[in-house]
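The values are calculated or read from the model by the stated rules, or taken from the named source; none is laboratory data. Everything numeric here is computed off the predicted structure, so don't read it as measured data. We place every Cβ from the backbone using ideal geometry, glycine too, and count neighbours over all the protein chains shown.
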Amino acid sequence: MPAGLHPIGLQQGAAGSVDYTIPLVIQDRMFDTNGQLYFPNMGPNPEHPFWMMEFFGDTNVVNGKVWPYLNVEARRYRFLLLNASNARTYELSLHGQHLWQIATDGGYLDAPARLHKLTLMPAERADIIIDFSGLEGRTLILKNHGRAPFPDGAPPDGATVGRVLQFRVGPSTLAGADASYNPAHGDALRPPMRRLVNPATGALAVVPSKTRQLTLNDMMGAGGMGMVELLLNNTKMSGKRADRTIRKDFTAVTVGGMTEYVSELPAEGDTEVWEIVNLTADAHPIHTHLTQVQVMNRQKVHLNRYNKAYAGSFPGGASMFGDGPPLTYAPSVASGLRYGGNPNIQPNLHGHVHPPEVNEAGWKDTVIAYPGQVTRIAVRFAPTDTAVGLARNYSFDPDAGAHGFVWHCHILDHEDNDMMRPYKITAARGAARTYVMGVDY
């Protein structure tokens, strides 16, 4: 760790005082006339009247306070941001000041990323440094520009949800110059991380054991009255079809008398590429439990063309919402030899391949999947510090007592209405475990 940076904050030089990182938990909420939290009890769609497909509040709250202010000195500060909203995406800026991101959901970047605007979907975290030097006496407002729903919905009201936090800059009380880590110098934050992808080109840097092509799907209500349900790979959480019948290409997993039908069965130690094809109108923060991932790239999809091919691949030639993917899950010529059971996306792509954003060039567990695009991620089912080409197991049993893990959209209103799927790890046989279920946890 470079001089001036400390595991819990910023440090004056190599051995000076430490200023703790300041957490900023950002949410949008509603309140009634008595100041109590308010959540609507009726959704917009009469077909599913008690489900709010996306809750958007009219008030921003930071660390539990409505539109607070923070007194800061004219020096550098480190903040840990969490978007804890149900559905709102924040695009944050600070009066033209740089936001220096030094870490993502999964740890430090190799080097600081200079941002003019920071995008955070629900559950995304960002470790940032803001330098208030030379701003003594000024008042700055952390503003939000994120549309709702993101990215093509209504812009935020500049007088309400467009304002997040006010900084009031006072004089520095340091005895001399600020000797904390200065991100503007670009000094390395860590030894170079294990790279699954080349973030500059968006190319894969490893040989994957599998490539999966998985869709994000929604079902609209009658007469366009809003969504009724959202799914991952057109599959309900249970893995059963809409009529409750069972697909033969899914695997039954029974725990505690409850059986779910699982389609993603990665092996411990494997690296996979997941191509997430967003067929819905909005962006989704896709979150994987257990693993950290690296964003590979994104590319636009000819949606009309692909939707026609997708629907035509179902038996009978018409889309069957909730029945799982249209093809058999195993690789086939029709799927482009990818797992997932969906028609090959390759003939329906257009435009350039876009590498990850500079602040996405690290380990993450929550990734933005934009509408009308395929988002490719490299998923490694092993500790993140494992060298490429080496087999290394988790210190615990990733089978999780046969319970497995899940991946889901982290918009709370979506994951609560079936936009979540279980997956089960095939644990390495005979692996030594130093963290034992029933003993250590």
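If L115 meets every condition in (1) crowded, with 21+ Cβ neighbours inside 10 Å; (2) touching a strand residue (DSSP E or B) at 6+ places or on another chain (Cβ under 6 Å); (3) not charged (D, E, K, R) apart from one, which number is that one?
(1)
Look through the stretch 307-319, keep the residues that are at pLDDT 95 or above and part of a loop (DSSP other than H, G, I, E, B), and return whichever of them is farthest from Y261 (Cα to Cα). Outline the logic, then answer.
Initial filter on the stretch 307-319 (at pLDDT 95 or above): 307-314.
Now narrow it down to the ones that are part of a loop (DSSP other than H, G, I, E, B): 313-314.
Numbers: S313: 22, F314: 20 Å.
Across the stretch 307-319, the extreme among qualifying residues is S313.
Does A334 fit the bill of being outside any loop (DSSP other than H, G, I, E, B) and either farther than 26 Å from V197 by Cβ or free of Cβ contacts under 8 Å to residues at least 60 places away in the same chain (or both)? Write out each step before concluding.
Details: outside any loop (DSSP other than H, G, I, E, B): no; either farther than 26 Å from V197 by Cβ or free of Cβ contacts under 8 Å to residues at least 60 places away in the same chain (or both): yes.
Considered against the rule, which asks whether it is outside any loop (DSSP other than H, G, I, E, B) and either farther than 26 Å from V197 by Cβ or free of Cβ contacts under 8 Å to residues at least 60 places away in the same chain (or both), A334 comes out as no.
Quick test for you: out of D385, D399, pick the one residue that is of a type in the set (D, E, K, R) and in contact with an Asp or Glu (Cβ under 9 Å, 6 or more places away or on another chain).
Criteria check complete, one pass: D399.
Tally time: how many residues in the stretch 379-430 are within 18 Å of the chain's Cα centre (by Cα), farther than 18 Å from K210 by Cα, hydrophobic (A, V, I, L, M, F, W, C) and assigned to a loop (DSSP other than H, G, I, E, B)?
Adding up the residues that qualify gives 2.
Can Q166 be described as on the phi < 0 side of the Ramachandran plot, surrounded by 14 or more Cβ atoms within 10 Å (Cβ to Cβ) and in the same structural domain as S85 (by TED's automatic domain parsing)?
Working: on the phi < 0 side of the Ramachandran plot: yes; surrounded by 14 or more Cβ atoms within 10 Å (Cβ to Cβ): yes; in the same structural domain as S85 (by TED's automatic domain parsing): yes.
Judged against the criteria, Q166 is a match.
Return the residue satisfying two criteria in turn: it lies in the stretch 91-105 and is out of contact with any Ser or Thr (no Cβ under 7 Å at 6 or more places or on another chain) and in contact (Cβ under 8 Å) with a residue 60 or more places away in the chain, and of such residues it is nearest to A123 (Cα to Cα). Spell out the reasoning first.
Filtering the stretch 91-105 down to residues out of contact with any Ser or Thr (no Cβ under 7 Å at 6 or more places or on another chain) leaves 92-104.
Still in the list and also in contact (Cβ under 8 Å) with a residue 60 or more places away in the chain: 92, 94, 98, 100-104.
Details: L92: 15, L94: 21, H98: 23, W100: 19, Q101: 16, I102: 17, A103: 14, T104: 11 Å.
Filtering first and then ranking leaves T104.
Table: residues versus (1) within 16 Å of M419 (Cα to Cα); (2) of a type in the set (S, T, N, Q).
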site: T215; (1), (2): yes, yes
site: D218; (1), (2): yes, no
site: G221; (1), (2): no, no
site: T245; (1), (2): no, yes
site: D249; (1), (2): no, no
site: A252; (1), (2): no, no
site: V255; (1), (2): no, no
site: L265; (1), (2): no, no
site: W274; (1), (2): no, no
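I'd like the full set of residues that are modelled with pLDDT under 90 and either of a type in the set (S, T, N, Q) or not in a loop (DSSP other than H, G, I, E, B) (or both), limited to the stretch 431-441.
Hits for the stretch 431-441: nothing passes.
Of the conditions (1) touching a strand residue (DSSP E or B) at 6+ places or on another chain (Cβ under 8 Å); (2) surrounded by fewer than 16 Cβ atoms within 10 Å (Cβ to Cβ), Y435 satisfies every one except a single condition; which number is it?
(1)
Please find, within the stretch 180-192, the residue that is nearest to L92 (Cα to Cα) out of those that are in contact (Cβ under 8 Å) with a residue 40 or more places away in the chain and surrounded by fewer than 17 Cβ atoms within 10 Å (Cβ to Cβ).
Here the residue is A184.
List the strands (runs of 3 or more DSSP E) that sit entirely inside the stretch 1-64 and contain at least 1 residues that are exposed (fewer than 15 other Cβ atoms within 10 Å of the Cβ) and at pLDDT below 95.
Because the criterion is at least 1 residues that are exposed (fewer than 15 other Cβ atoms within 10 Å of the Cβ) and at pLDDT below 95, the strands (runs of 3 or more DSSP E) in the stretch 1-64 that meet it are 18-20.
Among the residues that make up the stretch 425-439, is at least one of them touching a residue at least 60 places away in the same chain (Cβ under 8 Å) and not small (G, A, S)?
yes
Of everything in the stretch 260-280 that's part of a loop (DSSP other than H, G, I, E, B) and hydroxyl-bearing (S, T, Y), which residue is farthest from A400 (Cα to Cα)?
Among residues in the stretch 260-280 that are part of a loop (DSSP other than H, G, I, E, B) and hydroxyl-bearing (S, T, Y), the one farthest from A400 (Cα to Cα) is T280.
For the stretch 143-259, list the strands (runs of 3 or more DSSP E) that sit wholly inside it and hold at least 3 residues that are closer than 25 Å to A113 by Cβ; which are they?
Answer list for the stretch 143-259: 163-170.
Looking at this structure, is G134 surrounded by fewer than 15 Cβ atoms within 10 Å (Cβ to Cβ) and without any contact (Cβ under 8 Å) to a residue 24 or more places away in the chain?
No, not satisfied.
Is it the case, given these coordinates, that A159 is at pLDDT 95 or above and surrounded by fewer than 18 Cβ atoms within 10 Å (Cβ to Cβ)?
So A159 passes the test.
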